[in-house]
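J.: One structure is given below, represented as structure tokens, and several questions about it will come after.
The values are calculated or read from the model by the stated rules, or taken from the named source; none is laboratory data. Quick caveat, the model's predicted, so the values are computed rather than measured. Every residue, glycine as well, gets a Cβ built from its backbone with ideal geometry; the counts of neighbours run over all protein chains shown.
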Amino acid sequence: MAVEPVRLESVRPVDGEGVYLNEEIVLTFSQAIDPSSVASTSLRIVDAAGREAEGRWELLGRQARFIPRPVLAAALTDGGYLPGTSYRVDLGGFPRLDGLRAMGGEPLDRSWQWSFSTAEVGPGRRGFVFDDVSPGTGAHVSFPTPRPFYPGEALVLECSEPLDPSSLREVEFRIERVASGEVGLTCGVKARFLANHPEGSRGPLDPCAVIELMPTERLEPGSYLLTGSGVTLTDYGGNPVWPAALGRQPLAFGVRRASPSGSSGLESQARYQLSFLDRTEFLSVAVPGTDGLAHWGDEGVLSVRYPKAAGDGSLGALDLRGLEERTDLHATTLSVGKGAQVDLGAGSGLRVLRAQGRVHLAGRLGRQISSTDKPLPGPAIPGHPYVDGESLSQWLERARAEDWPWTVVIAGGDLVIDGDLVVNTPLLLVAGGWIRVEGRVDQPPGQLWLLSEGGGLRMDPTATVPDLVFDVPDSNPLKQTLHLAAVSSPLPARVISYRWLEPLVGGRLGAGRYEVSYLPATGPVDRARAMKHPRLLEGEGPVRVLLELFVPPGPLWDPPSIDFVTLRWATGR
């Protein structure tokens, strides 16, 4: 019976002009799509400069939905889409091996492209730039469940609808102290959005928008009013949300001196600073949805460790199957699917499999060179000494020139092996991130070398770390954004009640960016659960810090780094 290919049946929005900054792209197919076939090359959204739209794809039945990252900044330029920008949706299909497939393996009938442009913003903008899915609901901002605030703490406003960040103007807010029946002007605020989730993405009682208002002066214990008679804060549809139901009345709150336990005493702060030197602070777990683990080493910063030898990515995303006799593969990502078998052939000489991002071997990758070919080297690498100060790239060039019978696998991110890697040659595994082996790695005894942290139980316990310099690119070779991440262990270690203050974060953007967010102390490492401020997490006690580094394609190799993260919380004494 003939295999029926997958067809793209519809794209939404129908009109690709003036797409809202929060609008989802919905693709409907004739069959449900296999999630394992969705990769950054088989399904992606890019602008004319090759920058990817930021957000996440969700698969539900026959639909694939792209949900852009929420906008938080008043300039409206930090969301999933840039304003006034043209984008192209690329869908990989037949005959590409890395294209979209149905659950039964049927390919998308052909590759597709669809273009759209986003709404313009700026002075004198006309019309709406956000899609208001529930116009006129009468939502308003308010303090969360009533509780006292403490000196040094920021105020938090919540709203059951997402809000237009460009309508948040901190100069419109004032904090006034009420003393002996008199009201006097106290100070202004520094305002920012901590969250701005789409409606329907949270629980029924969870807020969509969360705004932090940090007083410009320290508030002493007493009674206060947050006023905003001229506040223009609105939802996506332009409806005012400063307490309309209260007739635009001030919001009252109190600042207390008491400690959380109820004992009296002056308020003070405690803090914990991540050093990036203490390895017990960080977990080596993989962060789903990223290329691999960011690097913390002896420099005391979280950084990008990326091997120049990861290649130029010229072959795109490779999903290897069957016989593969090419001697040097340059991929963006490289995989061997579960159940697939790949044979690297019986020829001698150097074989290098490189990927700029993640390498995932879920099936079987094998190489058995013929005994009639060049004899295998002994336990030294590869029977030849290193040149003093030789880099990985230089060593590969020498191995190629001298036709050494080696197998080398290089990942710019993590190298994940949960299938089988079986060769009868010397084997070198390299990762900019972490080497994660839950499957089997089999090679001649004493012939396994690892140039990265990590490993696995089903490996040669005598694996050696070669004395090679981990050289970095001279210029930016990336074909797509490299996304690395790390997550801390629960911090601080003592499980007590915390009233979180503003964390302090320092780093270097370079030609990329970094993000710091916070996860509950328990449960899966899920980026969708991460919050921009620890006080937004449910419950009390320690948190895990999620740190992400993004390196986009570009002319310069200048990756970002994070220098410090300081957790702060209020205490009584």
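J.: Just the residues that are assigned to a loop (DSSP other than H, G, I, E, B) and either modelled with pLDDT of 80 or more or in contact with an Asp or Glu (Cβ under 7 Å, 6 or more places away or on another chain) (or both), please, taken from segment 484-501. Write out each step before concluding.
T.: Residues of segment 484-501 assigned to a loop (DSSP other than H, G, I, E, B): 489-490, 492-498, 501.
Within segment 484-501, Ser489, Pro490, Pro492, Ser497, Tyr498, Leu501 meet the criteria.
J.: If we scan segment 146-153, do we find a residue that is modelled with pLDDT of 90 or more and within 29 Å of the chain's Cα centre (by Cα)?
T.: Applying the first criterion (modelled with pLDDT of 90 or more) to segment 146-153 yields none.
Checking segment 146-153: not a single residue is modelled with pLDDT of 90 or more and within 29 Å of the chain's Cα centre (by Cα).
J.: Can you tell me which residue among Ala39, Ala53 is buried (at least 20 other Cβ atoms within 10 Å of the Cβ), more than 16 Å from Trp114 (Cβ to Cβ) and not assigned by TED's automatic domain parsing to the domain that holds Ala530? Don't jump to the end; show me each part of the working.
T.: Details: Ala53 fails: more than 16 Å from Trp114 (Cβ to Cβ).
Result of the check over Ala39, Ala53: Ala39.
J.: Can I ask one more? Within the set of pairs 6 or more residues apart or between chains, which connect a residue that is on the phi > 0 side of the Ramachandran plot inside segment 526-542 to a residue that is small (Gly, Ala, Ser) and modelled with pLDDT of 85 or more with Cβ atoms less than 8 Å apart?
T.: Listed pairs, sorted by first residue: Gly541/Ala521.
J.: Please count how many residues of segment 320-334 are crowded, with 24+ Cβ neighbours inside 10 Å and not in a loop (DSSP other than H, G, I, E, B).
T.: 2
J.: Going residue by residue through segment 509-526, is there one that turns out to be more than 30 Å from Leu157 (Cβ to Cβ), assigned to a strand (DSSP E or B) and not hydroxyl-bearing (Ser, Thr, Tyr)?
T.: No, because not a single residue in segment 509-526 is more than 30 Å from Leu157 (Cβ to Cβ), assigned to a strand (DSSP E or B) and not hydroxyl-bearing (Ser, Thr, Tyr).
J.: Can Glu515 be described as over 29 Å from Arg51 (Cβ atoms) and charged (D, E, K, R)? Even if it seems obvious, please write down each step before you answer.
T.: Values: over 29 Å from Arg51 (Cβ atoms): no; charged (D, E, K, R): yes.
Here the answer is no, as Glu515 does not meet what is asked.
J.: Restricting attention to segment 43-92, which residues are among the aliphatic types (A, V, I, L, M), assigned to a strand (DSSP E or B) and without any contact (Cβ under 8 Å) to a residue 60 or more places away in the chain? Write out each step before concluding.
T.: Of the residues in segment 43-92, the ones among the aliphatic types (A, V, I, L, M) are 43, 45-46, 48-49, 53, 59-60, 64, 67, 71-76, 82, 89, 91.
When the remaining residues are screened for being assigned to a strand (DSSP E or B), the result is 43, 45-46, 59-60, 64, 67, 89, 91.
Within segment 43-92, Leu43, Ile45, Val46, Leu59, Leu60, Ala64 meet the criteria.
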